[in-house]
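Read through the structure below, which is laid out as structure tokens, and then see the notes.
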Amino acid sequence: MKYKQLYEFINTDGAGKPEVVMSRYDEGNYSLDNPNTRITIYSSNDDWKYDITSATNDADGDGDHDEDDQSYYMIAARLVAEMATLSPMDESNRLFDRVLIAFSDHSEQDVNIMHYKKGNRDLKNPDFIVKASNRDSYGRYRTVIDTIDADGDKDIDKDDELIYRNLATSFSSMENLLP
């Protein structure tokens, strides 16, 4: 089964700084309102450093729910927060309000990072897609296609590619996305 992981910044607790909400959608599920699983990652100091999670899934596939599982989600939240085009830290660079990551339909190794502009609630029709491919023997992605200025510094360079390579690697390293 192919899973999709949606990343959004949502002020779930009403404290003012949005949390990272990660929602998993099973194959064929494209309903924003009905994810199969939802995990929220919080910043305990409201400093945009995400270090606390709600209940997590067995992300590493070892059969238990522990700090190792939490670390997968906290790392992913930190990586998403690096994207100025998504993060609410800098509204002037924010172009998208959600990113969906999934393995490509055309290659089981390639990862698509799909971007959605505000108001686009159709997960089947992203506004922009960045593709990560060429996975090495350690599971890290080496090639990024159609990179955009993810870090908001007004150019497209290796720093932007690194953000996307790390996101794809983080997503593909979650061995077991089941609850």
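The values are calculated or read from the model by the stated rules, or taken from the named source; none is laboratory data. Remember, predicted model here, so these are calculated numbers, not experimental data. Please note: Cβ atoms are built from the backbone with ideal geometry, for glycine as well, and neighbour counts cover all protein chains shown.
Points worth noting:
- Just one residue in the set Ala150, Ala168 is crowded, with 21+ Cβ neighbours inside 10 Å, at pLDDT below 95 and part of a helix (DSSP H, G or I); that residue is Ala168.
- Scanning the stretch 33-70 for residues that are among the small types (Gly, Ala, Ser), surrounded by 14 or more Cβ atoms within 10 Å (Cβ to Cβ) and at pLDDT 80 or above turns up just one, Ser43.
- Every condition in (1) out of contact with any strand residue (DSSP E or B) (no Cβ under 8 Å at 6 or more places or on another chain); (2) closer than 13 Å to Gln5 by Cα; (3) of a type in the set (Gly, Ala, Ser) is met by Ser172 except one, and the failing one is (1).
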